[in-house]
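Encoded as structure tokens, the structure appears first; notes follow it.
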Amino acid sequence: MVYQLKMNRIMKYPGSKTSVIKDIQALYNRSGCRTFVDVFGGSGSVSMNMDSRNIIYNDLNRDLYTLFTALQKHFAQFYRAANALAMDRKLFFDYYDGRIVMDAENPEIERAFSIFFNFNTGFGGMGETYGKKDKSLFGNYRKNVSNLIKASHAIDRMKIENMDFRSIMEKYDSPETFFYLDPPYPGKNWYVHNFTADDFMELGRVVVSVKGKYAMNFNASDALPVKVFGKPSFVREEANQNGRPGSTQSRKIAFYTNVVATAMR
Ligand SMILES: C[S@@+](CC[C@H](N)C(=O)[O-])C[C@H]1O[C@@H](n2cnc3c(N)ncnc32)[C@H](O)[C@@H]1O
């Protein structure tokens with residue numbers, strides 16, 4: 001029998017990359033680098049599951065910075081507040097419908113909690129509800145609250161940054177740095193900060209000039225990456241949350257990397 005360790009995951013997030021963690025870890029190990037920089041960190045699903053002594057989590061979205069910082073500084077109080085709603089369906093929906101507010105006697109925690117709640121019950125940072133008011137809404141929230149305790153150990157190890165990709169890459173670039181790059185795709189406005197075609201071209205210029213190593217992910221079906229970066233180093237077919245590899249629901253993820261990648265095929 002094969003047992004798999006459960007991945008750390010604390011929120012629903014569009015474009016989250018838990019399905020390719022093994023490939024990212026393998027490239028990082030192969031690179032010989034000592035610092036892992038998750039440049040477009042999003043939900044933290046990559047940073048929280050990487051094995052490295054130095055992990056830098058970065059995202060331009062201020063809410064994500066506020067949430068991860070509060071989880072580091074005030075975990076016990078945050079968890080108590082989040083768990084109170086996970087234990088009581090009525091309280092959960094009272095908060096969801098705005099009939100009650102959270103009083104954690106600390107505005108930083110209250111703000112971080114509302115961000116966590118919004119990510120878990122709405123569409124990421126955009127605040128547009130996609131979660132239906134049904135059983136799965138409460139169930140998913142409960143699941144992610146119960147994931148918090150294990151994830152908090154991983155979050156404690158991360159250094160948290162809130163910078164544009166150009167600045168963070170300049171700040172940490174060295175021959176010992178590995179950049180993981182999972183940018184938004186131009187034309188898909190899923191996030192608070194999205195990417196223009198110019199940002200994409202700029203990222204293309206930055207990656208070719210780094211002293212360190214990098215691995216970059218795109219959906220293999222997107223045309224622009226091939227135009228800008230050429231053929232990917234390799235492609236992984238992964239199941240999405242509802243499907244299996246080979247099913248119509250699975251997606252193909254392209255990897256571009258300057259770590260010798262032939263052995264990864
Ligand atoms: C595809 S998502 C990353 C998903 C992440 N790998 C995960 O597993 O959750 C892209 C992220 O890039 C962030 N972002 C957008 N523009 C950025 C910029 N100029 N610099 C840094 N981050 C940016 C967005 O806020 C979003 O969270």
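Every number in this text was worked out from the coordinates using simple rules, so none of it is lab data. These figures come from a predicted structure and were not determined experimentally. Counting neighbours? That spans all protein chains shown, and the Cβs are built from the backbone with ideal geometry, glycine included.
Numbers for the structure displayed
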read-out: Percentage relative contact order, segment 1-70, counting C-alpha pairs under 8 Å, at least six apart; value: 31 percent
read-out: Greater than 25 Å apart at Cα, pairs in LYS211/LYS231; LYS150/LYS171; LYS22/LYS73; LYS6/LYS227; LYS12/LYS213; LYS22/LYS143; value: LYS150/LYS171; LYS22/LYS73; LYS6/LYS227; LYS12/LYS213
read-out: Relative contact order of the chain, pairs being alpha-carbon contacts under 8 Å that are 6 or more residues apart, as %; value: 22 percent
read-out: Segment 15-173 - percent relative contact order, Cα under 8 Å, separation 6 or more; value: 30 percent
read-out: Alpha-carbon Debye profile of segment 67-153, log10 I(q)/I(0) at 0.16, 0.18, 0.24 Å⁻¹; value: -0.58, -0.74, -1.37
read-out: For peptides 228-237, 174-183, sequence by mean Cβ density within 10 Å, most packed first; value: 174-183, 228-237
read-out: q = 0.11 Å⁻¹, segment 80-235: log10 I(q)/I(0) [Debye, one scatterer per Cα]; value: -0.64
read-out: Helix-only [θ]222 nm of the chain, DSSP H runs n ≥ 4, -39500 (n - 2.57) each, per residue, nearest 500; value: -12000 deg cm²/dmol
read-out: √(5λ) per eigenvalue of the Cα gyration tensor, the chain, largest first, Å; value: 32, 20, 18
read-out: Gained length - SER114 relative to ASP173, 0.36 nm times residue gap less alpha-carbon distance; value: 17.8 nm
read-out: Antiparallel %, DSSP beta bridges [both residues in the chain], to 5; value: 40 percent
read-out: Axial C-alpha extent at least 18 Å, average Kyte-Doolittle at least 0.0 - helices from the chain (DSSP); value: 107-121
